[in-house]
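Heads up, the thing below is written out as structure tokens.
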Amino acid sequence: MTNYQTLGGNRMKNLMLGTALAMFVVSHASAETYRAECFAPAPESTTIQGEAKEGPYKMAFVNGFAGNDWRIAAIQASKAWAARPENAANIEEFTVVSVGNDSAAQIAAIDNFIAAGYDAITFIAVNPSAFEPVIRRAARQGTVLVPFDNVLDTDQVVQINESQLELGRLKAQTVMDELGGTADKILMVNGLPGNATDRDRRVGMMSVLENVEGLEIVEVVGNWDTGTSQKVVADALATHGQFDGVVSQHGAAGTINAMQAAEHPIVPMGVDGENGVRMLMDELDIPGISASQAPAMSAVALEAAVALLQGNELPQTVYLPIPQVKAEDLEAGVNYFPDLPKSFNTGTGFPDCFAPFTPEELLGQTADNT
């Protein structure tokens, strides 16, 4: 029976201690890891193989920050995955908790699940560097950890992600291509500070923008949130005037709304994959690209956890493909959906892993206590 409860990114070294040494086998990347069409290795990734354990399994998703539509969609995707009959058959219990932007609270929640005998825990790390002790504790107890999205600076666990460097680079390069390679001033709307995803996306953007001669880069913190992005972009426009282009990690509907309110000219943009963002891009003829970190990777992380529990070998770092569409290729009913909520995220799944979720599957799930 599945129970839901919602509260509130080298080589492997010294993997585990004591009895934990038997838990995983680590090797160089193999061409024949389990379901390589889904779990594609990042460049130079090693592999990790779990020790087979009989199911059904007790599993948890420990989310951190829950204050934007992407995180809600990630929670809904995890629940939709667990509700599918082929997955429910492997689950004794599934719990989701959100602990806020506090690494100590997140680690405490993970420790509680380890102590309660949970077999696997997925999580979006609040920061990338505070988890070594809990990784060791999980290993000693035989609990599989699979971080995704905001991953860890470690090679000791399987991690599920898209290349955040490439996602940032893709948006910035597309904007600069639209501008013919030259610009005077670019607005960069960053995400939630202090974690690997925000850091790596910014590095990817800067790898393009810092090579543009004479370019002024104005950075604001949008927390990957539509409302926050609208406010900070409005402030930036009032202070800095017009921009030649915009790169936004997430929450770009707020960015576009602020620019419209200020009667800013239409400029090239690199934005996220929310439904409302794509609607605005098409309606306003905004050139650029919509590229997303698909929240359905929460379900891929759960899929990976089960694979490890069943004794399979996976890449230590999995890079999923980046869902993307150029502005000129936007099409209603195909890659955005006027009849669905603007907050709906178009990254509904990864076909090489499992059938993408339908809107009904996702929107039928809650992100609160159930």
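The values are calculated or read from the model by the stated rules, or taken from the named source; none is laboratory data. Note that this is a predicted model, so its numbers are computed, not measured. Cβ sites come from the backbone with ideal geometry, for glycine too, and all protein chains shown count toward neighbours. The accessibility values were calculated without ligands, DNA or RNA, using every heavy atom of the protein model including side chains. Shrake-Rupley method; radii C 1.70, N 1.55, O 1.52, S 1.80 Å.
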Worksheet item: Carbon and sulfur together cover what percent of the accessible area of the stretch 175-264 at a 1.4 Å probe radius?
Response: 44 percent
Worksheet, complete the sentence: Debye calc, one equal point scatterer per Cα of the stretch 117-259, no solvent, log10 I(q)/I(0) at q = 0.10, 0.18, 0.22 1/Å comes to -0.42, -0.96, -1.26
Worksheet item: Got a sec? Charge dipole of the chain, +1 on Cβ for Lys and Arg, -1 for Asp and Glu; which of SER298, GLN310, PHE65 is way out at the positive end?
Response: GLN310
Worksheet, complete the sentence: The long-range amide H neighbours of THR122, using H built 1.01 Å from N in the peptide plane and a cut-off of under 5 Å, are ALA60, PHE61, VAL62, VAL146
Fill in: Extension gain from GLU331 to GLU263, taking 0.36 nm per residue of separation minus the Cα-Cα distance
21.9 nm
Worksheet item: For the stretch 256-357, what relative contact order do you get, as a whole percent, if you take Cα pairs closer than 8 Å and at least 6 residues apart?
Response: 36 percent
Worksheet item: What does the convex hull of the Cα atoms of the chain come to per residue, in Å³, rounded to a whole number?
Response: 129 Å³
Practice prompt. Mind checking the full-extension length gain between LEU340 and GLU54? Use 0.36 nm per residue of separation minus the Cα-Cα distance, one decimal, nm.
Written response: 98.9 nm
Fill in: Peptides 199-212, 288-301 ordered by average Cβ neighbours within 10 Å, highest first
288-301, 199-212
Worksheet item: Which of VAL97, VAL218, VAL189 sits farthest toward the positive end of the charge dipole of the chain, with +1 on the Cβ of Lys and Arg and -1 on the Cβ of Asp and Glu?
Response: VAL97
Worksheet item: With +1 on each Lys and Arg Cβ and -1 on each Asp and Glu Cβ, how big is the dipole of the stretch 109-189 about its Cα centre, in debye rounded to the nearest 20?
Response: 260 debye
Fill in: Chain lengthening between VAL203 and ASP235 when straightened (0.36 nm per residue, less Cα-Cα)
9.1 nm
Worksheet entry | Reachable lysines, given that their alpha-carbon falls under 23 Å from the alpha-carbon of LYS326 and they are not under 8 places away in the same chain | LYS171, LYS185, LYS342
Worksheet item: Accessible area of GLU219, 1.4 Å probe, to the nearest 10 Å²?
Response: 80 Å²
Item to complete: Sequence neighbours fewer than 8 away in the same chain don't count; with that in mind, list the aspartates and glutamates whose C-alpha is under 16 Å from LYS53.
Response: GLU92, GLU93, ASP119, GLU303, GLU313
Practice prompt. Taking the Cα centre of the stretch 193-287 as origin, sum charge times position over the Cβ atoms of Lys and Arg (+1) and Asp and Glu (-1), and report the length of that vector in debye to the nearest 20.
Written response: 240 debye
Practice prompt. Using only Cα atoms, locate the centre of the stretch 224-260 and the centre of the stretch 77-153, then give the distance between them in Å, rounded to an integer.
Written response: 34 Å
Worksheet entry | Portion, in percent, of the accessible area of the stretch 32-171 that falls on carbon or sulfur, probe 1.4 Å | 49 percent
Discussion item. Per residue, how large is the accessible surface of the chain? Use a 1.4 angstrom probe and give square angstrom.
Written reply: 39 Å²
